[in-house]
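A short write-up of the structure that comes next.
The values are calculated or read from the model by the stated rules, or taken from the named source; none is laboratory data. Treat the numbers as computed from the prediction; the structure is a model and nothing was measured. In this analysis, Cβ positions are derived from the backbone assuming ideal geometry, glycine residues included, and neighbour counts consider all displayed protein chains.
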Amino acid sequence: MKTSKCNLSIACGIALVAIMLALPSCLPAQTAAAKSSGDTGVSATRWSVQVDQVDSGNLDLAYSFQIAIYENLVEELNKTKQFKQVFRDGDVRAGEFPNLLVLKTTVEKYTPGSETRRAVTTVSGATKLTVRSQLLTREGRVVFERTVNGDVRFFGSNLRATHNLAHNIAKTIKQSPWSGSGQPTAILTGQL
């Protein structure tokens, strides 16, 4: 009986630490990416991006997951330093920027997991998310579109999947042939 209580205490402690690590710190209403110090003298267009609220599609996705995906996206896009500025949905200052892209994210698949099952076994309990991410110009022209996955398979809270998903989206955008500077010319589609 004591071993069971000890294991439960350890699992709760690990879950608490994972939750604290998974949740982003409070971000201001508008965050700006730091200007790259490696700019060359070439006059390349720097794009800004506005992150729209996450669309849950027709899935029964908890609102906390939608908000966590959104917050993590803002944070991860800022980390890439690829965009001149990263704006939140509804920020009126975004309209002042001529080179603005809009990031739309729609959840296509969601598999809820179990933190307890992940702690007990490494074979089951994974939380999985699949989304379609699109970068659009003001005119609505799609310049980038990908299906991206995020999950948490071992230790960590279910919300950790949202962090992993946002990280994968930002990484995919950064590594795509569309570099974020210059005029977007082609639609890039695919799956990661």
Exercise for the section: Among the numbered conditions (1) modelled with pLDDT of 70 or more; (2) assigned to a helix (DSSP H, G or I), tell me where Ala119 comes up short. Expected result: (1)
Practice task
State whether the residues of region 168-191 include one that is in a strand (DSSP E or B) and either touching a Lys or Arg at 6+ places or on another chain (Cβ under 8 Å) or modelled with pLDDT of 95 or more (or both).
Solution key: yes
Problem - Condition broken by Leu73, with the remaining ones in (1) modelled with pLDDT under 85; (2) part of a helix (DSSP H, G or I) satisfied - result: (1)
Exercise for the section: Answer yes or no as to whether Phe87 is hydrophobic (A, V, I, L, M, F, W, C), in contact with a helix residue (DSSP H, G or I) (Cβ under 6 Å, 6 or more places away or on another chain), more than 18 Å from His163 (Cα to Cα) and modelled with pLDDT of 85 or more. Expected result: yes
